[in-house]
1. So how long is each side of region 3-70 along the principal axes, counting just the alpha-carbon atoms, biggest first, in Å?
2. Can you order the peptides 100-111, 33-44, 51-62, 142-153 by their average number of other Cβ atoms within 10 Å per residue, highest first?
3. Taking a point 7 angstrom from the Cα of LEU66 along the C-beta vector, which residues in region 89-118 have backbone N less than 14 Å away?
4. Kirkwood hydrodynamic radius, the chain, all distinct C-alpha pairs: what's the number in Å?
5. Using bins 5 angstrom wide from zero, how does P(r) for region 48-104 break down, in % of all Cα pairs?
Amino acid sequence: AVAADAGIPLLRVAAGNIRADALDPRHRFASMPLFLHGPHGERRMGRRQCTSEYKVRPLKRETRRLLGYPHPARVPAGVHAEQAIGISVDEVHRAKDADVGYLRNVFPLLDIGWSRRDCAAFLTLHGLGDTPKSACVGCPFRSNESWAEMRATDPASFEDAVAFDAAIRHGPPGATAHGMPLHGTAYLHRDRIPLDQVDLGIDTGPEPDGCSPWSCRGSDEEDTGNDGGDR
């Protein structure tokens, strides 16, 4: 409704369902940053390809379409879309230039010097103060506070996360089927125990930064999503 009132069309893009795809042995597996416990006690994390595969790539594909140059057409020099990204001054280190010529990143919150607190105050002023930080349901970078809030306010999503956590314990079926065995056990929670057994009352510190396709929480590494013909 907010976008419509401002005359801004809202388009939805998708590249599949990461939960369904990860559990489908026939589907190509996009690595997720799962917390791993190796057979000899080693603790590590899986690679993160999910942002690139499920967020960045479909957005680039739609941008090309809107510009009139869908893949495999070459986007002429000088033709670009301006892309406004909501990074606040608290996260200035996450602001980066676009990696393709047909996108120009702009950061309006940085231009006006707004912090997360300023954004929260503005949302509250306009009756949107309960807007949660963005994150995937099963994002491993959630804090205990975030998991506990989901369990209390959205129990269906929490149960879905618990079921997914159990299903990927010995590796997503899609990974094993494509020759990428886990060699250990995988968990959504940093304690590397089943999600429904975690004491979510333990303070694990502040919630990580909010997530967007261009600044995924939990990592400052850039997910460009260039493979697949979107450049």
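Just so it is clear, none of the values below were taken in a lab; they were calculated from the coordinates. In this text the structure is predicted, and so the values were computed from the model without any measurement. Cβ: placed from backbone, ideal geometry, glycine included. Neighbour counts: every protein chain shown.
1. Extents along the principal axes: 56, 28, 20 Å.
2. Ranked from most to least packed, the peptides come out as 51-62, 142-153, 100-111, 33-44.
3. 102-106
4. 19.6 Å
5. P(r) over region 48-104, rounded to whole percents: 4, 16, 24, 23, 18, 10, 4, 1.
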